[in-house]
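Notes follow the structure.
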Amino acid sequence: RCGAPTQQHHRDLARHCTTCSLDFYPRLSPCIITLVTRGDYCLLAWHNRSKTRRYSCLAGFIEPGETPEETLIREVQEEVAIIVKGVRYHSSQAWPFPGQLMLGYFAEYDSGKIQVDREEIIEADWFRFDQLPEIPPPATISGRLIEEFVRQRKSSH
């Protein structure tokens, strides 16, 4: 605020201005990531930012005034033209680059035919739990969502 140099905050992960006593905290960008399911199948997409042909869950940033659940419904509809229902929170993961907090969900297919937006998604399709393409590692929230879906489907067969 005053333009003076800042220093590391004595307690928090922040910068502190000793001149005007203002603290500067890192910005977080909240976003959702979701695995859409339909019985034994899950919807996975090859994203344009992926360097390899790896299929993952759908994701997007929460816009001001939106709830995470509203974001999920909007993003799925924008990216693949699918309508979802039964949105259920699963877990979250801090993603340090560029400072995201990813909120992971499951959602159930309601209606629609996959039509990729070609802007963010190169290809998307339904994959059976035991016939998955290359997916993200389990250390990622996308990998954990897929892993949980596979575990649930295997236990029901």
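Filtered by the rule that a residue be within 23 Å of Pro138 (Cβ to Cβ), hydrophobic (A, V, I, L, M, F, W, C) and in a helix (DSSP H, G or I), region 58-75 gives a lone residue, Leu72.
Against the test of being small (Gly, Ala, Ser), surrounded by 14 or more Cβ atoms within 10 Å (Cβ to Cβ) and without any contact (Cβ under 8 Å) to a residue 60 or more places away in the chain, the options Gly86, Gly60, Gly65, Gly104 yield a single qualifying residue, Gly60. Only one entry of Ser111, Ser155 meets the criterion of being surrounded by fewer than 12 Cβ atoms within 10 Å (Cβ to Cβ) and in contact with a strand residue (DSSP E or B) (Cβ under 9 Å, 6 or more places away or on another chain), and that entry is Ser111. Output the residue which, of all residues in region 92-133 that are in a strand (DSSP E or B) and of a type in the set (A, V, I, L, M), is farthest from Ser50 (Cα to Cα). Within region 92-133, the match that is farthest from Ser50 (Cα to Cα) is Ala107.
Within region 80-106, the set of residues being touching a helix residue (DSSP H, G or I) at 6+ places or on another chain (Cβ under 6 Å) and of a type in the set (Gly, Ala, Ser) comprises just one member, Gly104.
Ser29 satisfies every condition listed in (1) under 23 Å from Leu132 (Cα atoms); (2) surrounded by fewer than 17 Cβ atoms within 10 Å (Cβ to Cβ) except (1). Scanning region 124-143 for residues that are open to solvent by 70 Å² or more (accessible area, probe 1.4 Å) and within 22 Å of Val80 (Cα to Cα) gives Asp125, Gln131, Glu134.
Within region 27-39, residues that are of a type in the set (D, E, K, R) reach partners that are open to solvent by 50 Å² or more (accessible area, probe 1.4 Å) with beta carbons closer than 8 Å, at six or more positions or on different chains, in the pairs Arg38/Glu108; Arg38/Tyr109. Of everything in region 73-121 that is over 16 Å from Ala45 (Cβ atoms) and of a type in the set (Ser, Thr, Tyr), the residue that is farthest from the chain's Cα centre (by Cα) is Ser111.
Identify the residue in region 32-57 that is open to solvent by 40 Å² or more (accessible area, probe 1.4 Å) and not in a loop (DSSP other than H, G, I, E, B) and, among all such residues, is farthest from Val84 (Cα to Cα). In this case the residue turns out to be Trp46.
The values are calculated or read from the model by the stated rules, or taken from the named source; none is laboratory data. Predicted model only: the values in this text are computed from it and were never measured. Every residue, glycine as well, gets a Cβ built from its backbone with ideal geometry; the counts of neighbours run over all protein chains shown. The accessibility values were calculated without ligands, DNA or RNA, using every heavy atom of the protein model including side chains. Shrake-Rupley method; radii C 1.70, N 1.55, O 1.52, S 1.80 Å.
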